[in-house]
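Since the structure comes first, as structure tokens, the remarks are kept for the end.
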Amino acid sequence: MMMKVVENNMDVSAFIKLREEFGFKPYPRQEIEAALRNSLYCVHIELNGKTIAAARVVGDGRVAFFIKDVVVSEASQNQGYGNILMEHIFQYLHQHACEGAYIGLMSTVGKEAFYHRYGFIIRPNEEFGSGMVLFLNKDPSYRAMDSNNVSGIRKED
């Protein structure tokens, strides 16, 4: 088997396919193209010419970074490919991040221990609150601060 690690040249179709395999939120192709283009760093692994794993880093390039879309195809899990992705991400971070930079991520359910091995803090804990996420809703009738929208879902009167 021929394994190849590729940096900053992510195949959009292969990336979309990996995200779909795990039920990640779908986005139009042009949005994924822009997201990959605007990422600070992308890395993927090809096995016999097929993309089997991918990850990317977004952020400001010095102080704040967010590891995003770490995914290994189901058939290739538990074979060390996630570790290879993380090793390349940390090489990038050591070259570009300042001392003490914030490196964040949101773990998929059940994968927290994988990231904890790399020093990520599991939240919430006594020192840090829960991580949070919001999926932007551009509908003009939606108001994020409206008490009827507490869960992010517009409720009809």
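No value in this document is a laboratory result; all are computed from the given coordinates. Given the structure is predicted, the values throughout are model-derived calculations rather than measurements. Virtual Cβ from ideal backbone geometry, glycine too; neighbours counted across all protein chains shown.
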Which residue fluctuates most in the GNM of the chain (Cα springs below 10 Å): Met132, Met86, Met106? Met132
Given a 10 angstrom Cα cut-off, can you work out which residue in Val57, Val72, Val109 is the most mobile in a GNM of the chain? Val109
Does the chain come out rounded, prolate or oblate, given a ≥ b ≥ c as the square roots of the eigenvalues of its C-alpha gyration tensor, rounded meaning a/c under 1.5 and, failing that, prolate meaning a/b above b/c? prolate
What number, rounded to the nearest 500 deg cm²/dmol, is the helix-based mean residue ellipticity at 222 nm of the chain, given -39500 (n - 2.57) per DSSP H run of at least four residues and division by all its residues? -7500 deg cm²/dmol
Compare Ser76, Ser141, Ser107 in a GNM of the chain, Cα atoms joined below 10 Å, and give the one with the largest fluctuation. Ser141
Which loop-located trypsin sites (Lys or Arg not before Pro) does the range 1-90 contain, where loop means any DSSP state but H, G, I, E or B and the Cβ has at most 11 other Cβ atoms within 10 Å? Arg62
Convex hull around the C-alpha positions of the range 24-70: the volume in Å³ per residue is 89
Sort Cys42, Cys98 so the one with the fewest other Cβ atoms within 10 Å of its own Cβ comes first. Cys98, Cys42
About its Cα centre, how strong a charge dipole does the range 3-123 have in debye, to the nearest 20, once Lys and Arg get +1 and Asp and Glu get -1 at the Cβ? 120
Given contacts defined as C-alpha pairs under 8 Å and at least six residues apart, what's the relative contact order of the range 4-157, whole-number percent? 16
Given DSSP loops and a limit of at most 11 other Cβ atoms within 10 Å, what is the longest stretch of the chain that contains no such GluC sites (Glu not before Pro)? 1-98
Give me a comma-separated list of calculated 3J(HN,Hα) values for the range 55-69, in order, Karplus coefficients 6.51, -1.76, 1.60 applied at θ = phi - 60°, integers in Hz, x for any Gly or Pro. 7, 8, 10, 10, x, 9, x, 9, 9, 10, 9, 9, 7, 9, 6
Return one number: the angle in degrees, 0 to 90 and rounded to the nearest 10, between the long axis of the Cα atoms of helix 29-38 and the longest principal axis of the Cα atoms of the chain. 70
Report, to the nearest 10°, how far helix 12-21 tilts away from the longest principal axis of the Cα atoms in the chain, using its own Cα long axis and a range of 0 to 90°. 70
